[in-house]
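Structure first, commentary second.
Coordinate-derived values only; no laboratory data. Everything quoted here is computed from the prediction, not taken from an experiment. Cβ placement follows ideal geometry from the backbone for every residue including glycine, while neighbour counts extend to all protein chains displayed.
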Amino acid sequence: METLEFQAETRQLMQLMIHSIYSNKDIFLRELISNGSDALDKLRIESLVDSDLDVDRSDLHVALTPDADARTLTVSDNGIGMTRDEVVSLIGTIAKSGTAELLRTLREASAESADLIGQFGVGFYSSFMVADRVTLVTRKAGESTGTRWESTGEGTYTIDDVDDAPQGTAVTLHLKPADAEDQLHDYADPAVLTSIVKKYSDFIAWPIRLDGTAINSQKALWARPRSEVTAEEYNEFYKHVSHDWTDPLETIHMKAEGTFEYDALLFLPSRAPFDLYSRDAQRGVQLYVKRVFIMADCEALVPSYLRFVKGVVDAADLSLNVSREILQQDRQIQAVRRRLVRKVLGTIKELPAEKYATFWAEFGRALKEGLIEDAANREIILDLLSFSSTRGSELTTLREYVERRPEGQTEIYYLTGDSRATIENSPHLEAFRAKGYEVLVLTDPVDEVWVDQVTEYDGIPLKSVAKGQVDLGDTAAETPAGFEDFLTWMSGALAESVKEVRLSTRLVDSPACVVGDADDLTPTLEKMFRAMGQ
Ligand code: ADP
Ligand code: MG
C-alpha cells in the first residue's frame, strides 16, 4: 500500500469542502450518481468501439447501498472503472486548468465562494461534505486487477491493488453524524436517498437502484413536452450535462419533425468557465441517438464561437456507431447545426435586458469570434454585439449608435487598442470629439481581427479613426499655400520613420499624430504578431 500526498491545490479545495462552503450538502449524491452515469455511458461507447473488450454490459446501473448500522453509504456503478494511474491522476489531483485560478478567486471573493466552486467540477470531492472518510474501489473494464483508494481528506490518501474488485466503481462514504442545523441529513436512510434522487437525478438514463428497485423515472427530459417539464427539472438536467453547479441563464427546448427528426435541449449558462478562451476548451453539446448517448463535445453540431452552449441533441435517424468524421460531412447534421445556430442567436436576441447584460459580460468575446467564423450569420451577430464608446460608460449596440449619430455622419467610427485609457488619450479622437462624433472603443484582441473582415453594418461603412485619410467633411483638399516647404523639410527629416507627412484636419489640440495606411496592421495587431514571433 502506498500513501500519497494530495497536490497543494487539491488539499486547499478539499479543506473548503470539509469546512462546508456549500450549504446544500445533499448535492454530493447528484455528483456521485452523475459520475456513475458518465462511467456507464463510457462503457457503452467503449464496448461499441472495441467489440473484443471483456466486459459485462448485461445489467448496467447505479446502485445506492446504505448501511444504517455501519453509518455508510455506497454509491456504485458497473461502468468503465479506472486504472490505478487514472485514479491517481483523476481523483488524487485536480488536473483541471482552472483550479489555480479558482483558488485565487475564492481567496478574493470569499462571500460568493459557494457559488464559484461550482464552475470547477469538484464533483467527487463534494463527498467530503458529508463523509469523514471516503473509500473508492474500482476496476477498469477489461483489466483484472482493481484499485482501492482511501482518504480522510486531510492531506494524504492511500492507494492499493485489490484482486477481487467487481467491474466499475464503488464509492463508500463513512458518514458524518446527521445534523439538521448544518443541513446534513441522514444519508443512510432510504427515504432521504429516494427524495434526493427524485429531486436531482430523476432523468438519469440508467437505473438508479435502491434495494434492487429503480427509484428514478429515467425519462429523457428532452423527449418530454415542454409544458410537462418544470424549471427545476431543466435546471438539474443542465447541471448534469454541464458539470456546472449554477442554474442556467436560459433554456432552449426544441423539437424538429419532418424528414430528419430530433429533439434539442440547449442551455445558455450564466457563467463562463475559466477555460472558455483556452485552446482546448470543449464544445458543450452531446449527441444522442434515440435516447442513447453517443458522444460528448459534438463539434459537428455547434460552431466554436458557440462553444459555451451546453445541452443535448437527440436524433432519431442516425446510426448508433456514427463517427465524428461522418458527422462533420453529413448534410442533415449540417442542416441541424444551421438551425441550432439560428435558434441560439435568436434566443440571445430575445433575452431581456438584464439577462443579456449577464450574457454579454460572460460570453461577448466568444460571440465576436462568430463574425469571423460564421460569415453567413454575420448580420445577425452584428446586431447582438455591445460596444464601449466615447459617449460614456454605457455600452451601445450598433443599431443604437447608428440611430443616434448626428446628421452628416456617414460612417461608423471605431478605434482599437489595448485599453480604454489608451484609446481615450489618443490624438486620433480629437477631431471626432470636436465634431460630436461618437467613436466605438474596441479593446478585445479579437476586435483587431474582425474589423478587418467586417467593413459595414447595415450598409454603413465601418472605419478606423486611426487609418488612412479621414474625411470629416470640411477638409481643404489641397495643401494651403505656405506649407509645402515645411512638409518637404519634415518628410526629409523623418524619412527613416514615416512614409509621408501630410496636413490633417483630424487634430484639434495635438500638433501631430502618427496614422497607419488604410490597409496597415494596427499597432496592437503588430504587437500581437511580434509577440507570436512573426
Ligand atoms: P467531473 O465529473 O466533472 O469530471 P469529478 O470530480 O466528479 O469531476 O470526477 C473526476 C473524474 O474522475 C471524472 O472525470 C472521471 O474521469 C473520474 N471518475 C469519477 N467517478 C468515476 C466513476 N464512478 N467511474 C469512472 N470514473 C470516474
Ligand atoms: Mg462528476
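Here are some notes:
- Computed from point charges on the beta carbon alone (+1 for Lys and Arg, -1 for Asp and Glu), the dipole magnitude for segment 344-482 about its Cα centre is near 240 Debye.
- Intensity falloff of segment 116-260 expressed as log10 I(q)/I(0), Debye formula with alpha-carbon point scatterers, at q = 0.13, 0.19, 0.20, 0.21 Å⁻¹: -0.80, -1.37, -1.41, -1.44
- Mean Cβ neighbour count within 10 Å, used as a protection proxy, ranking 76-89, 187-200 highest first: 76-89, 187-200
- Using a Förster distance of 30 Å, the FRET efficiency for residue 316-residue 232 (Cβ separation, nearest 0.05): 0.60
- Which of 385, 266 has the fewest Cβ neighbours within 10 Å, and the rest in rising order: 385, 266
- Quotient of C-alpha Rg and 2.2 N^0.38 Å, computed over segment 222-275: 1.24
- Cα lying deepest toward the dipole's positive end in segment 3-87, options 33, 61, 49, charges on Cβ: 33
- With N counted as the residues of segment 378-464, its alpha-carbon radius of gyration over 2.2 N^0.38 Å works out to 1.01.
- Rounded to the nearest 20 debye, dipole of the chain from Cβ charges on Lys, Arg, Asp, Glu: 820
- Dipole magnitude for segment 274-393: about 200 debye, using +1 per Lys or Arg Cβ and -1 per Asp or Glu Cβ, origin at the Cα centre.
- Packing-based exposure ordering (other Cβ within 10 Å, fewest first) of 310, 467: 467, 310
- In whole angstrom, the chain maps to an equivalent ellipsoid with semi-axes of 55, 26, 21, each derived as √(5λ) from the alpha carbon gyration tensor and ordered largest first.
- Classified by the C-alpha gyration tensor, segment 179-270 has an oblate form. Its axis ratio a/c, with a ≥ b ≥ c, is 1.5 or above, and a/b does not exceed b/c.
- Of the residues 322, 80, 515, the one whose Cα sits farthest toward the positive end of the charge dipole of the chain, with +1 on the Cβ of Lys and Arg and -1 on the Cβ of Asp and Glu, is 322.
- Residue-averaged [θ]222 nm for the chain, counting only DSSP H segments that reach four residues, each worth -39500 (n - 2.57): -9500 deg cm²/dmol
- From least to most packed, judged by other beta carbons within 10 angstrom and beginning with the fewest, 490, 295 follow the order 490, 295.
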